[in-house]
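Visitor: If you scroll down you'll find the structure; I have some questions about it.
Derivation of every value follows stated rules applied to the coordinates shown; laboratory data play no part. Note that the structure is predicted; figures quoted are calculated from it, not measured. Neighbour counts are summed over all protein chains in view; Cβ atoms, including those assigned to glycine, are modelled from backbone coordinates with ideal geometry.
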Amino acid sequence: MTTRHISTAFDNDLDKLDYLISKMGNMALSQFVAVIDGIGQKDNDLNSLIANDRLIDNIEVDIYNKTVEIIAIRAPQANDLRHIIIAPKIASFFERIGDYSKNIIKRRNMMINEGSDLSVLTKLNEMAQMARELLVDVLDALTRRDADKAKQVWHADKELDTLHSQVYKDIYQDMVDNGSNPSGINALFIAKNIERIGDFCTSIAEQIYFVVHGEMIDADRPKSDITS
């Protein structure tokens, strides 16, 4: 929760900034959930979600402009300054999450156009659900300024990395056993996109911890991925 100020206008500016961040994050989440729910269905047209990605990009611009405006007019200090300066960084992470969701759609469409069997994508179900949970949890931590939950997300990404390594090996072995094929290659790219979404959840978690405590998490980022 944000401490209220004598200036109601200042509070309104901060509330507007928080609203934009929350809106952008929830749009990125909705886009990703729609992608992973429909990815294995050939008759599910996900192309409309690519247009939604442009809306996410537009909100990022609004957040940047609002940040500049608040700093120029309010000259924030200490906690307020941290609150404001993390906004464009977090927005950039949500924008990248939107980009990776869009990339997943494009790879899946390539598989359909090539007549590939989409059943290989079932290997990615657990990864996709784990990434979804990370995104839901980090959005909750952001809304409530919950540094403890943010740190839980930060640690949990290692589990997604471990799973990605296993999925990578499974798909690669299938390609070795059955001959290299486009469906396997595209599935590997999709898996990597999902793993990167988890990484950006970790980056957002670090910013939440910073705004609450005034320092970054004092540890090396957990990593367990042979493909990174």
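Visitor: Got a sec? How would Val176, Val138 order by Cβ neighbour count within 10 Å, fewest to most? Write out the running numbers ahead of the final one.
Guide: Numbers: Val176 10, Val138 31.
If I rank by nearby Cβ atoms, fewest first, I get Val176, Val138.
Visitor: The chain: Rg/Rh from Cα coordinates, Kirkwood Rh? Don't jump to the answer; show the numbers that get you there.
Guide: On the way: Rg = 19.3 Å, Rh = 18.6 Å.
Looking at the chain, the ratio lands at 1.04.
Visitor: Then there is this: For the stretch 82-146, report the % of Cα-Cα distances exceeding 20 Å. Mind dumping the intermediate values first?
Guide: Working: 942 of 2080 pairs.
Of all Cα-Cα distances in the stretch 82-146, 45 percent exceed 20 Å.
Visitor: Near Ser30, within a Cβ-to-Cβ distance under 13 Å, what is the net charge of the other residues, with Lys and Arg +1 and Asp and Glu -1? Walk me through the intermediate numbers first.
Guide: Details: positive: Lys23, Arg132; negative: Asp37, Asp53.
Here the count lands on 0.
Visitor: Could I ask something else about it? What helices does the chain hold that run 27 Å or longer along their axis, going by alpha-carbon atoms, with a Kyte-Doolittle average of -1.0 or more, using DSSP H for the helix calls?
Guide: Those that pass (Cα extent of 27 Å or more, hydropathy at least -1.0) are 8-38, 48-74, 78-113, 125-144, 182-213.
Visitor: Sticking with this one: Send over the semi-axes of the stretch 127-184's equivalent ellipsoid, whole angstrom and largest first, taken as the square roots of 5 times the C-alpha gyration tensor eigenvalues. Could you put the intermediate results ahead of the total?
Guide: On the way: eigenvalues 229, 22, 6 Å².
With the √(5λ) rule applied to the stretch 127-184, the semi-axes are 34, 11, 5 Å.
Visitor: Oh, and also: Going Cα to Cα from Lys23, which lysines come in below 29 Å? Please leave out same-chain ones fewer than 8 positions away.
Guide: Lys66, Lys89, Lys102, Lys106, Lys149, Lys151, Lys158, Lys192
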